[in-house]
Each structure stands twice: as structure tokens, then as C-alpha cells.
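Chemist: This is the structure I want to talk about, given as C-alpha cells.
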Amino acid sequence: MQVFIKKDYEEMSQKAAEIVVEEMGRKKDGFVLGLATGSTPVGLYKELIRMHKDEGLDFSRVTTFNLDEYCSLAPDHPQSYHYFMDDNLFNHINIDKKNVHVPDGMAKDLEAHCREYEKMIRDAGGIDLQVLGIGGDGHIAFNEPGSSLGSRTRVKTLTEETIKDNARFFKNIDEVPKYAITMGVGSVMEAKICLLLANGAKKAEVLAKAVEGPITAEITASVLQMHPNTMVVMDEAAGAKLKRKDYYKHVEKMTDALKKK
Ligand code: F6R
């Protein structure tokens, strides 16, 4: 795991954008980008939009797969993840909407759709870089505590904690969907690069457990310790409880110095 601790949310988002753009540049003939919703990656998406508008960053050969979607919300529902992605990224860049994939929470046969989603990822050549946030209970995508670390794309029942966390986006808690389609932990682990982002003091404890604690299905993000190419980018507040903070900063400085040689 490479750990980057940045001063604040803005610097965290800029670093994340640098990483995404560098990887996009390595694979100009077709880049497969895995995306997350939630508040954490919004700054990254803003920076990508800015780079598209100011610097001509080209998304015409980018294919995207989102991690998850609520069941029973149509793509044009303002609280659906599809709507969120349109609003926060896709409507502002030159991506071909044919190359955009978000699980369909309205699919008649949800299980068949989950299998098809996995096949679409495979047919696209797999995900080159997967953007991830971490939930208050340590989840990645909607893989709540206790999810199998080998799980695949499937329908999950959301925990009460996640339902409460998400209630801020709905008029009242009864409107929050109780199920979601989510890529599994095993599906996420197949991405060539995982980019986990975290900001704010609220994430400090769980992030320390995910990065430095034992690997456990209780904190599904902890399995990223087994991934050969994971980068974790956080702000100071989210990194506050890491034991090896100084070491990570030292490694970043030394790696930068090596690149300049
Ligand atoms: C969303 C997703 C979730 C979020 C996580 C953190 O697509 O996969 O795992 O990344 O719940 O959410 P925020 O960023 O709102 O704190």
C-alpha cells in the first residue's frame, strides 16, 4: 500500500486526480475507470472536470464502471447513483455515455443483471483503476461488515448505520433504499490499481483499522492490504490515527526525490 497524507481535502483531491490522469496517460487506447459516489470523490471529479475544460483532458476513450447503485431507484431519480454521476462528472466531460456503466437498480432480474455487470467488466478488459471511498463501518462499495472477502457483484441488504449515513440525502429515513447492487470485494480486488480516498476526522479511526489493522471481513476495506497496487490518499484529519504517519510521509518524500534523479 502506498499512503499519501495531504494537508486538506483540496490537496487530497488534487493528488487523486494526478494519479488518475497519470494512469489514463499510460493507456491512451482505452482506459477503464472504476468510480464511486458519496461525498469523498466529489473534489476529485471537480478537478477532472477542470482539467477537461482548461487542459483538454480527453475522456473519449474512457469506459467507466460504478461500484454500486440503490435498488428501486431509476437512473433519473435525483438520489440515484446514476444521477449523481451525471451531475458530478459525466455531464461535464466528453465521455461517450455508451461507455458509462452504473448497475441498474431497476433490473427485473437483479441476479442476472449482477452476472451481466461482471461480464461487461471482463469484456472491457477489467478495471484499470478503481476509485474507492470508505464507509463509517469500513465498507468499500456496499460491502458491509461480514461480507465475504471473495464476494462478487450482488444485491446487498444495507446496514442500519449505512441507511442512517445516507439519510442526509433523502427527505426522511424511510425513503432511503434498503438494498443495493454492489460490486463485491473480490470484484474490486481484480482492479489493476485501487485508489482509496478518505477525508475528515470522522474517518480517522476506521481508516487506521483498514490500513494498519488486521485483515478482516469486519472492515472490508482492510482487504486492500492484500492488493498488489493500492494507493490510499487522505487528508491530515483522516490520517490522524495512523501509527506510521511519519514513515508514510518519509516514503513519499524519498519516492519523489528518486523520481527527480
Ligand atoms: C459509494 C460507495 C461507498 C462510499 C462510502 C463513503 O459508491 O461505494 O462505499 O464510498 O460509503 O461515502 P462518503 O464518501 O459519502 O463518506
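Values quoted throughout were computed directly from the atomic coordinates according to the rules given, and no laboratory measurement underlies them. All figures in this text were calculated on a predicted structure; none of them were measured in a lab. We place every Cβ from the backbone using ideal geometry, glycine too, and count neighbours over all the protein chains shown.
Chemist: As an exercise, use a Förster radius of 22 Å and the Cβ-Cβ distance of Asp109 and Glu160 to find the FRET efficiency, rounded to the nearest 0.05. Write down the numbers at each step before the final one.
Modeler: Values: r = 28 Å, r/R0 = 1.26.
The value I calculate is 0.20.
Chemist: Another question about this same structure. Residue by residue, what Karplus-based ³J(HN,Hα) values in Hz, rounded to whole numbers, does the range 140-146 have, using 6.51, -1.76 and 1.60 with θ = phi - 60° and x for Gly and Pro?
Modeler: 10, 6, 10, 7, 6, x, x
Chemist: Per-residue HN-Hα couplings for the range 58-75, Karplus 6.51 cos²θ - 1.76 cosθ + 1.60 at θ = phi - 60°, whole Hz, x for Gly and Pro?
Modeler: Listing the rounded values in order: 9, 10, 5, 10, 9, 10, 10, 10, 8, 5, 7, 7, 5, 6, 6, 10, 6, x Hz.
Chemist: Oh, and also: Could you pull out the trypsin sites (Lys or Arg not before Pro) across the range 39-138 that fall in loop regions by DSSP (anything but H, G, I, E, B) with no more than 13 other Cβ atoms inside 10 Å? It would help to have the intermediate numbers written out before the result.
Modeler: Details: sites: Lys46, Arg50, Lys53, Arg61, Lys97, Lys98, Lys108, Arg115, Lys119, Arg122; in loops: Arg61, Lys108.
Of the trypsin sites (Lys or Arg not before Pro), the ones in loops of the range 39-138 whose Cβ has at most 13 other Cβ atoms within 10 Å are Lys108.
Chemist: For the range 98-175, report the % of Cα-Cα distances exceeding 17 Å. Before the final figure, lay out each step's value.
Modeler: Working: 1758 of 3003 pairs.
Percentage above 17 Å: 59.
Chemist: What number do you get for the chain when its Cα radius of gyration is normalised by 2.2 N^0.38 Å, N = residues?
Modeler: Expressed relative to 2.2 N^0.38 Å, the Cα Rg reads 0.96.
Chemist: Now for a separate question. Tell me, what ³J(HN,Hα) does each residue in the range 227-237 have, in order and in whole Hz, if you take phi through Karplus 6.51 cos²θ - 1.76 cosθ + 1.60 with θ = phi - 60° and put x for Gly and Pro?
Modeler: Rounded to whole hertz, the list is 7, x, 9, 10, 10, 10, 10, 9, 8, 4, 4.
Chemist: Mind jotting down the distance between the C-alpha centroids of the range 95-143 and the range 207-252, whole Å?
Modeler: 24 Å
Chemist: May I ask you to derive the FRET efficiency for Gln225 and Met254 from their Cβ-Cβ distance with R0 = 22 Å, giving the value to the nearest 0.05? Numbers along the way, then the final one.
Modeler: Working: r = 21 Å, r/R0 = 0.97.
That pair, Gln225 with Met254, gives E of 0.55.
Chemist: If you rank Thr255, Thr64, Thr37 by fewest surrounding Cβ atoms within 10 Å, what's the result?
Modeler: Details: Thr255 11, Thr64 21, Thr37 26.
Listed from fewest to most nearby Cβ atoms, that is Thr255, Thr64, Thr37.
Chemist: Please give the length that would be gained between Lys27 and Asn172 if that part of the chain were fully extended, namely 0.36 nm times their separation in residues minus their C-alpha to C-alpha distance (nm, one decimal). Mind showing how you got there, number by number?
Modeler: Values: separation 145, 0.36 × 145 = 52.20 nm, distance 4.36 nm.
Full extension of this stretch gives 47.8 nm more.
Chemist: Find how much the distance from Glu212 to Lys261 grows on full extension, using 0.36 nm per residue of separation minus their present alpha carbon separation; answer in nm with one decimal. Don't skip to the answer; put the middle values down first.
Modeler: Values: separation 49, 0.36 × 49 = 17.64 nm, distance 3.09 nm.
Value of the extension gain: 14.6 nm.
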